[in-house]
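**Q** My questions all concern the structure below.
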Amino acid sequence: MTLEVRAVRKAYGSVEVLHGVDLIGGGGDVVAVVGANGAGKSTLIKILSGAESMDSGELWLDGQRLALRSPHDAQAAGIRTVYQELTLISGLSVTENLLLGRMPRRAGLIDWTEAHRRARTLLDEAGFSGIDPATLAGDLTVARQQMVEIAKALASEPRVLVLDEPSAVLAGRDLDALFALIRRLQERDVLIIYVSHRLAEVTELATSIVVIRDGTVVKTTEPALTSENELITLMAGRKLERIYPDARPEPGGELLTVRGLSRPGEFENVSFTLRAGEIVGMFGLVGAGRSELARCLFGDTRVASGTVHLDGAPVRFDHPAAAISAGLALVTEDRKRTGMVASMSVRDNVALATLHARKRGPLIDRRRQKATVNEMITKFDIRPGHCAALPIVALSGGNQQKSILAKWLLTQPRVLILDEPTRGVDMATRVDIYRTIDALARSGHAVLLISSDLAEVIGATDRVLVMRNGQISGEIRSEGATEEQVLGYSIREAA
Amino acid sequence: SSDKDGDGSGDGKAKGRTVGVANFTLGGPYFNGMDRAIKAQAEGKGVTVISTDANGDAAKLASNVEDLISRKVDAVIISGGPLESAPAALNSLKAAKIPVILVDRKFQTGEYTSWIGPDNQRIGVQDGEFLAKQLPDGGKVAIIKGGPADNSIGLARTNGLKSALGKDSKFTLVEAPDFGNWGSDGGLAVMESLLASHKDLKAVFCENDAMCLGAQRAIANANLSSQIVLAGVDGQLEALQEIAKGGNYVVTGLNSADQIGRLGLDRAIEVLDGKNVEKDTVVDSPQITKQNAQEFIDKSKS
Amino acid sequence: MTSRRLTKPTEAMATSSSRWPRFIGGRRITPMGVLVVLLVLLVGILALSTDGFLTERNLTNLLKQMVTTGLLAFGMLVVILTGGIDLSVGSVVAFTGIVSAGLIADLPIPVAMAVAIAAGIGFGLINGILIAGFNLAPFVVTLAALTTIRGLAFVYSEVPISPSDPGFFSLGTAMVGPIPLTTVIMFAVFIVGGIFLSQTPAGRAIYAIGGNAETVRLAGISVRKHVVLAYAISGACAGLAGVILASRVGIAQPSVGVAFELDAIAACVIGGASLAGGRGSVRAAFGGVLVLALINNLLNLHGVQSYWQQVLKGLIIVAVILVQRRSQRRRA
Amino acid sequence: MTSRRLTKPTEAMATSSSRWPRFIGGRRITPMGVLVVLLVLLVGILALSTDGFLTERNLTNLLKQMVTTGLLAFGMLVVILTGGIDLSVGSVVAFTGIVSAGLIADLPIPVAMAVAIAAGIGFGLINGILIAGFNLAPFVVTLAALTTIRGLAFVYSEVPISPSDPGFFSLGTAMVGPIPLTTVIMFAVFIVGGIFLSQTPAGRAIYAIGGNAETVRLAGISVRKHVVLAYAISGACAGLAGVILASRVGIAQPSVGVAFELDAIAACVIGGASLAGGRGSVRAAFGGVLVLALINNLLNLHGVQSYWQQVLKGLIIVAVILVQRRSQRRRA
Ligand SMILES: Nc1ncnc2c1ncn2[C@@H]1O[C@H](COP(=O)(O)OP(=O)(O)OP(=O)(O)O)[C@@H](O)[C@H]1O
Ligand SMILES: Nc1ncnc2c1ncn2[C@@H]1O[C@H](COP(=O)(O)OP(=O)(O)OP(=O)(O)O)[C@@H](O)[C@H]1O
Ligand SMILES: [Mg+2]
Ligand SMILES: [Mg+2]
């Protein structure tokens, strides 16, 4: 079984985003597709899955030329895709989501017992036994929704399984479960096309690696024959001398002090401090309660008990506006749902948190606003350049993320809380982000970096807090800390 | 269940009579004037009135009547507005042996005890004849209709006018394409459109006064008050005042909701007292012009 | 320090649950519970505050009166589940009513009625094709349909038609034991419809489309077909309602049915349906129909003056959905 | 509304795929282009097929007759941008009209009118607070308001009120050169409103809320405040429209304004506004108002029978939005 992608070209309107991409893989292969944000990975995948049509080029599966007019065609050909965005129907049960369009019937009516049974087996086979098929998809955590997506793709016994950044919302055990699944599929002679920004995974899983830059394949190689650094250089098109910034000078006085903070059912008795000029990482498995903590600090949910001090003065934020004016900023984990306004332009999105900042009388000073936004676009190298007028949905995931970061930096925060800021962000962009927060820290700000990426949570920070089941289960100086230690705190039972 | 209601009316006598009023709509001055008249008359007579409003929905009228029956009213007055008939309502009333008085609107089908109302055709004719006198050398006369012909009240009025002017070759009649929906705002808009395409109008006939009042304003805005006269129907107070002023609002035919309403209630009581009553009573519709407008104003105010 | 900083947990709950209620407490809340309490309450008030309520006649009236709204509400629910809306039902009621009354001059009554209902389905199909096929906004398409179909009703006959043949009334007046035939028909529609929505692939697809049409398409299910089906169902219900109404009133009017769609929608939402699509239940929608009917009955039996009835009806509806929202919050 | 956004991931997806390509090359293609072509077309047809059209009187009529729909449409647009809808405007028109006419018995005319408009704003505030504060479905809240406020109009006065003081009519009849004062007011509202929506923080916030309320809240902007503001604006426009209409007709009727909301909504959507919120422009909405006015004028000048007018009006509206949709597709 072989899948061949030959010289695929794709343009959106007048902009060509794929300039003749080639890719080949056989049964049991794991072909990793890596590339910077906006390189064209998702576009390529949309073409493979029939969601987008290609302008020129050919797709061959087992010596047969494929003409994919719709996702349905692709599925008929045995190509199944798990997209970057979650597509489950939150109002329906996991069972119905898994068997959508293939529900078992008796006498024309749906046979629910049989349906749940099949769903159960699907989840078990995929190794996601923890999920109850009867629950509503919407009631599952983001991570588990991702797992259901994957199980759903497997339901039709695909010959080619395409995964677009599946690990973005997974961590710890969930990630292990995914890898185990991929290995099992390899044995079943399934071809897996795997898009990820986590190079560690890629080198661990892939049988071959395709590096895309700006819509062209710059190299096809194998883990054995390459290194993470080489890959990063290829993706970025330039050498990234070092990923993480140098150690910062000793931090100053306490800026944010949290004591015994609790919200029933979310987190309990959380205490820590952020000092001026320091970057503190926060690691935890999905569901550990980090995002809830972040939202609470930001005044989006009320403090049930405990105290927060800013510059030694007690503060109590009843809504985000209060937190923002006190100098806090929160980049949320869920870009689509809480990060951007899809119907608006990049400019409107970037300016959203500072609408009142640049005004002439009661009116917004459009010229100054435009100038400021364009500054940020260049500063963060948001692609395509001059995208201020484009709707933000036209940007690739990573560039959307950069736009949101820009929005918050415009509020000139003193304490910056980042919840999974590099989720789905390529290495070059990550380095930009690390640089930016490093610069912030050096100029006396405090940064709380919530992340499920072990390397970054250690590498980019001064200290690491680990959360488990809503409690701080450990704290380590990043200097010389190992991933095992951190992971240990996040799973070990008694601390 | 009908004998149960029999008892109802029995002890009904003891604690004073209850008369139900089924209004097809109260969304217009004429009809809620009717409703008020019935209530006013009832107070004098120590009769309780339960009034319902179907908001212009025939089915709701039927169910309202059923509700009234459930509430053991002794008689029902139906103010059917534009309704042609209400068989269901009449049938259930018949089944419950409850007398039915129709006011203003006589139903084509179905059994009722007694009807009191105007002769709309006649009013139209009156207006027509008056206009004929008013405009000796004829001219173009516009007709503003209230609504579709599912309401034959308006139809009768217009036909009345046509029968008076139509045969006279001096007159050309133009019907406005759009309806005035029985309201002043509608009358205004329709008149404005009319004036855009017919500059040479001599007179306007509206199927009710409310529309005429709007039309009059449109004519005034177009500075044509001296050229175009108006003729309406109903005797709405504002119209009477305009007519009394002696402006271009020259005539209307009284169709007194107040009078009909009061007579309606009296008729209901007579029936309940077992008197045998006239089946159909046409309330005459005196023509109201500058000469007699003031006295009708005084009447309606008293 | 902590001890001094005790905050009312309710406060915290309120905010947190208003955020994403569905993620805390796990279990999903149906508005059914609230509805039942509400209905019991209404019935209680009616029974105690009026003597007319528990009479056989009044109850029969109630059963008759809820038929039109009931039928329309079911059709509306199906459309709302797809994330759409059908404003044209009131006009369809008028059109099918007058056509059925008109046709029995030359056709046997059942045929005439069948033709009229078919016309209703036809209108639904057109709505559906315009909405799903050309992906136009349901609100505007059905709004235009409201206007056009109303016009057509008048084009068919300016004047009301009251058939002489008493057979025409039988549908609207026949009783099955103590229960009006029309009410039985309505219940049948709700039961069959309930099974359709919860137990058949098509029904589930309609739910799914309201949740995420894209996903449904990717699953190889035709979104178009099912959306068209939904509007056809709504059209069929409206057609049936129109025929029943004409037969019940005994006279068909081209002007009937104005604003009927609003009650139907209100019933669905009182029943907890989400106008965004994907959420709503047949049982609850029927509960909504009952609530509206009881409110009307309450106001009528108390002889509340017409305009005050309107004032109160609006206020009560708000109160009802307010209670529901609150209860969802608390349970969350 | 938040929940609505969350439950509709389809919107976002549909957006990125189908909507976005229209932006290639930076320039945004608004439905304005289509509208302009359409308007030119309509005017052309009118000018050629009728002799009445280009007369000063007819044009003045057009200017007068679009005022009510125009004012309502602007208010409606603001509400629609937040992802809501306001069905109560027709009733507000009736209420404010009759109140203003009633009050001038004891108050100076400007004061009376101001009070009436304030009442309109008051109703808007109540709608907004129920919707944003208690997070109820806009459709049902404003539907209930429609009923209640209509009732209140009749409670205030069952009978029409025609003030004797001619000063009351001046607002509705005064001319500014060849243009009616009321039309000037409407234009003013559109211009100021346009600036408000595109150039002020509050205006941008209203757009953003329609796109993603959750994001807006987390950006430290009060969603509640702005949604309430939107409904207050709609109420104010309706109040103004009511006062103007009463003054224009010279008689205030409690029964006026039924179904006005539908024309207002149609105008917005013909102007390309998305009922899901976040999309729509003031200029385009005004274009929609013009289209509707011209359609009516066309049908009237051709003396089309009223119910045929309804039939055609509906069909034309569908045709218009169909053309728009197609054109968007083709550019894609
Ligand atoms: N629907 C679209 N219309 C127009 N351009 C698009 C569209 N989707 C993506 N693009 C552009 O095509 C390019 C490739 O986008 P794509 O999503 O494939 O990047 P990617 O490699 O998946 O990036 P990321 O790692 O951030 O997901 C980007 O420049 C993006 O702006
Ligand atoms: N806006 C949201 N809507 C629904 N679920 C959410 C939302 N935000 C977080 N969750 C889910 O709630 C669960 C617990 O909250 P939280 O996100 O704080 O855990 P976490 O430690 O931050 O894990 P992660 O952030 O990596 O998902 C997580 O599984 C998360 O996926
Ligand atoms: Mg991507
Ligand atoms: Mg999180």
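**Q** So how tilted is helix B:120-134 from the main axis of chain B? Cα-based, degrees 0 to 90, rounded to 10.
**A** Relative to chain B, helix B:120-134 is tipped by roughly 20 degrees.
**Q** Quick check on the stretch B:69-212: what are the equivalent-ellipsoid semi-axes from the Cα gyration tensor, as sqrt(5λ), descending, whole Å?
**A** 37, 16, 10
**Q** Taking 7 Å along the Cα-to-C-beta vector as the label spot, tell me the B:Q291-A:K359 distance in nanometres, rounded to one decimal.
**A** The answer from the label model is 7.1 nm.
**Q** Another one. What average number of partner chain Cβ atoms lie no more than 10 Å from the Cβ of the residues making up D:244-257?
**A** 6
**Q** Scan chain C and note any complete DSSP helix (H) whose C-alpha atoms cover at least 30 Å along its axis and whose Kyte-Doolittle average is -1.0 or more.
**A** Helix filter hits for chain C: C:56-81, C:223-249, C:306-331.
**Q** Once every DSSP H run of n ≥ 4 in chain D is given -39500 (n - 2.57) and the sum is divided by its residues, what mean residue ellipticity at 222 nm do you get, rounded to the nearest 500 deg cm²/dmol?
**A** -24000 deg cm²/dmol
**Q** While we're here: Other chains near C:159-172: what is the mean number of their Cβ atoms within 10 Å of each residue's Cβ?
**A** 3
**Q** Have a look at the stretch A:93-168 and give its Rg and Dmax from the Cα atoms, expressed in angstrom.
**A** 12.4, 42
**Q** Non-local amide H neighbours of A:Y194 (under 5 Å, H modeled in plane, Pro and chain starts lacking H): which ones?
**A** Here A:V31, A:A32, A:V33, A:L163 satisfy the definition.
**Q** Over 24 Å between Cα atoms, which of B:K72/B:K299; B:K60/B:K279; B:K167/D:K313; A:K10/A:K219; A:K407/D:K225; B:K60/B:K275 qualify?
**A** Table pairs above 24 Å Cα-Cα are B:K72/B:K299; B:K60/B:K279; B:K167/D:K313; B:K60/B:K275.
**Q** Given R₀ = 41 Å, what would the calculated FRET efficiency be for C:L59 paired with D:W308, taking r from the Cβ atoms and rounding to 0.05?
**A** That pair, C:L59 with D:W308, gives E of 0.40.
**Q** Bin by bin, in steps of 10 Å, what percent of the Cα pairs in the stretch C:54-165 do you find, going until the bin that has the longest distance?
**A** Calculated over all Cα pairs of the stretch C:54-165, the distribution is 13, 37, 32, 16, 2, 0 percent.
**Q** Let me ask something else. Long-range amide H contacts for B:F171: which residues qualify at under 5 Å (H placed 1.01 Å from N, peptide plane, sequence gap of 5 or more or a different chain)?
**A** For B:F171, whose amide H was placed from the backbone, the distant partners under 5 Å are B:G139.
**Q** Please go through the stretch A:14-122 and write out the trypsin sites (Lys or Arg not before Pro) that DSSP classes as loop and that have at most 10 other C-beta atoms within 10 Å. Mind showing how you got there, number by number?
**A** On the way: sites: A:K41, A:K46, A:R65, A:R69, A:R80, A:R102, A:R105, A:R106, A:R117, A:R118, A:R120; in loops: A:R69, A:R102.
In loop regions of the stretch A:14-122 (DSSP not H, G, I, E or B), the sparsely surrounded trypsin sites (Lys or Arg not before Pro) are A:R69.
**Q** Additional query: Can you give me the long-range amide H partners of B:V204? Hydrogens built in the peptide plane at 1.01 Å from N, cutoff under 5 Å, separation of 5 or more residues or another chain.
**A** So B:V204 has HN proximity to B:A142, B:V229, B:L230, B:A231.
**Q** Expressed as a whole percent, how much of the Cα-Cα distance distribution for the stretch A:339-484 exceeds 26 Å?
**A** Roughly 31 percent, once rounded to a whole number.
**Q** Let me ask you something else. Taking the Cβ-Cβ separation of A:D176 and A:D124 as r and a Förster radius of 22 Å, what is the calculated FRET efficiency to the nearest 0.05? Show your work: numbers first, answer last.
**A** Working: r = 16 Å, r/R0 = 0.74.
It comes to 0.85.
**Q** Once both labels are modelled 7 Å past Cα along the beta-carbon direction, what's the A:R105-C:S49 spacing in nm?
**A** Placing both labels 7 Å beyond Cα along the Cβ direction yields 4.9 nm.
**Q** If I fit a long axis through the Cα atoms of helix A:112-126 and take the longest principal axis of the Cα atoms of chain A, what angle between them do I get, 0 to 90°, rounded to 10?
**A** Approximately 80 degrees, to the nearest 10.
**Q** Ok, one more. Which shape class, rounded, prolate or oblate, goes with chain D when its Cα gyration tensor gives a ≥ b ≥ c as root eigenvalues, a/c under 1.5 marks rounded, and past that a/b bigger than b/c marks prolate?
**A** Because a/c hits 1.5 or more and a/b fails to exceed b/c, chain D counts as oblate.
**Q** Here's another thing I want to ask about it. For the stretch B:13-130, what is Rg from Cα atoms divided by 2.2 N^0.38 Å, rounded to two decimals?
**A** Normalised Cα radius of gyration, the stretch B:13-130: 1.08.
**Q** Compute the Cα gyration tensor for the protein assembly as shown, then decide on rounded, prolate or oblate, letting a ≥ b ≥ c be the square roots of its eigenvalues: rounded whenever a/c is under 1.5, prolate when a/b is larger than b/c in the other cases, and oblate in all that remain.
**A** In terms of gyration-tensor shape, prolate.
**Q** With no solvent and one equal point scatterer placed on each C-alpha of the stretch A:69-220, evaluate the Debye formula and give log10 I(q)/I(0) for q = 0.08, 0.09, 0.10 Å⁻¹, two decimals.
**A** The Debye formula, applied to the Cα set alone, gives -0.24, -0.30, -0.37.
**Q** Return the loop-located trypsin sites (Lys or Arg not before Pro) in the stretch A:230-268 (DSSP other than H, G, I, E, B) with at most 16 other Cβ atoms within 10 Å of their own Cβ; answer none if there are none.
**A** On the way: sites: A:R238, A:K239, A:R242, A:R259; in loops: A:R238, A:K239, A:R242.
Those that pass, being in a loop and sparsely packed, are A:R238, A:K239, A:R242.
**Q** Average projected area of the Cα convex hull of the stretch A:1-68, in nm²?
**A** 4.5
**Q** Give me a comma-separated list of calculated 3J(HN,Hα) values for the stretch B:245-255, in order, Karplus coefficients 6.51, -1.76, 1.60 applied at θ = phi - 60°, integers in Hz, x for any Gly or Pro.
**A** Each residue's phi maps through the Karplus curve to give 4, x, x, 8, 8, 9, 7, 8, x, 5, 10 Hz.
**Q** Ok, one more. Show me, for the stretch B:279-289, the HN-Hα J-couplings you get by feeding each phi into the Karplus relation (A = 6.51, B = -1.76, C = 1.60, θ = phi - 60°), rounded to Hz, glycine and proline as x.
**A** These are the phi-based 3J(HN,Hα) values: 5, 10, 10, 8, 7, 6, 10, x, 6, 10, 10 Hz.
**Q** State, as an integer percentage, the relative contact order of the stretch A:273-325 based on alpha-carbon contacts under 8 Å between residues 6 or more apart.
**A** 27
**Q** What list of ³J(HN,Hα) couplings, whole Hz, do you get for the stretch A:195-210 from phi and the Karplus terms 6.51, -1.76, 1.60, once you set θ to phi - 60° and write x for glycine and proline?
**A** Here the 3J(HN,Hα) series is 9, 7, 9, 8, 5, 4, 4, 3, 5, 6, 9, 5, 9, 8, 10, 10 Hz.
**Q** A further question on this structure: Can you classify the stretch C:142-226 as rounded, prolate or oblate using the Cα gyration tensor, where a ≥ b ≥ c are the square roots of its eigenvalues, rounded means a/c under 1.5, and otherwise it's prolate if a/b beats b/c and oblate if not? Write out the running numbers ahead of the final one.
**A** Values: a/c = 4.46, a/b = 1.51, b/c = 2.95.
The shape class here is oblate.
**Q** Could you calculate the FRET efficiency of A:S53 with A:A76 from 1/(1 + (r/R0)^6), where r is the beta carbon distance between them and R0 is 22 Å, rounded to 0.05?
**A** After rounding to 0.05, the efficiency reads 0.85.
**Q** Roughly how many debye, to the nearest 20, is the charge dipole of chain A about its Cα centre, given +1 on each Lys and Arg Cβ, -1 on each Asp and Glu Cβ, and no other charges?
**A** Details: 59 positive and 61 negative charges, 340 e Å.
Taking the Cα centre of chain A as origin, the dipole is about 1640 debye.
**Q** Once the Cα gyration tensor of chain B is found, what semi-axes does its equivalent ellipsoid get, as square roots of 5 times the eigenvalues, in whole Å, sorted largest first?
**A** Rounded to whole Å, the semi-axes are 39, 18, 16.
**Q** Compute the acute angle (0 to 90°) between the alpha-carbon long axis of helix B:184-197 and the principal axis of greatest extent of the alpha-carbon atoms of chain B; round to the nearest 10°.
**A** Computed tilt is about 30 degrees.
**Q** While we're on this one: Could you work out how far the C-alpha centroid of the stretch B:244-298 sits from that of the stretch D:147-211, in angstrom?
**A** For the stretch B:244-298 versus the stretch D:147-211, the Cα centre distance is 40 Å.
**Q** Sort C:Y231, D:Y156, A:Y434 so the one with the fewest other Cβ atoms within 10 Å of its own Cβ comes first.
**A** D:Y156, A:Y434, C:Y231
**Q** For the protein assembly as shown, just give the cysteines left without a disulfide-compatible partner, judged by no other Cys Cβ under 4.7 Å.
**A** A:C296, A:C387, C:C237, C:C268, D:C237, D:C268
**Q** Rounded to two decimals, what is the ratio between the C-alpha radius of gyration of the stretch B:69-109 and 2.2 N^0.38 Å?
**A** Computed over Cα atoms of the stretch B:69-109, the ratio equals 1.11.
**Q** Using Cα springs under 10 Å in a Gaussian network model of chain D, which residue among D:A267, D:A241, D:A293 shows the largest mean-square fluctuation?
**A** Highest fluctuation among the options: D:A293.
**Q** Another question, then. Aspartates and glutamates within cross-link reach of B:K245: Cα-Cα under 17 Å, excluding same-chain residues under 8 positions apart?
**A** B:D209, B:E295, B:D298, D:D165
Read-outs throughout are calculated quantities, based only on the coordinates presented, and are distinct from any laboratory measurement. Just so it is clear, the model here is predicted, and its values are computed rather than measured. Every residue, glycine among them, receives a Cβ derived from its backbone with ideal geometry; neighbour counts consider all protein chains shown.
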